[in-house]
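None of the figures in this text is laboratory data; all of them are computed from the coordinates on show. Just so it is clear, the structure is predicted and the values come from calculations on it, not from any experiment. Because the Cβ atoms are built from the backbone with ideal geometry, glycine has one as well, and the counts that use them run over all protein chains shown.
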Amino acid sequence: MFLGVGALYSSGVYFQIVALSKARASIVQPFHYTLIFWSIIFGFLFYKDIPDLFTITGAFIIIISGIYIFIKK
């Protein structure tokens, strides 16, 4: 299982580097922040963890900034 996680993580980092070499960081990085959303989803599914107000507020700010950059580009 650890080998699988390591292989998937390594390929994810590799593809992030490829994306950063082909596009500006201001366009790619907001999509990198989707890790926060996956953490919220998996935390709820596996640990029944309910996100607090600070988590929801931060996620909302990230969503708005990603939409802003997507529209502006």
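Remarks
- Take the Cα of ARG24, go 7 Å toward its beta carbon, and the backbone nitrogen atoms of region 53-73 under 13 Å from that spot belong to 69-73.
- DSSP H segments from the chain that extend 24 Å or more along their own axis, Cα-based, with Kyte-Doolittle mean of 0.5 or above: 2-22, 53-72
- Normalised radius of gyration (Cα atoms, divided by 2.2 N^0.38 Å) for region 24-73: 1.28.
- Global geometry of region 1-46, whether rounded, prolate or oblate, following the gyration tensor of its Cα atoms and the 1.5 cut on a/c: oblate
- The calculated FRET efficiency for PHE31 paired with THR57, based on their beta-carbon distance and R0 = 25 Å, is about 0.80.
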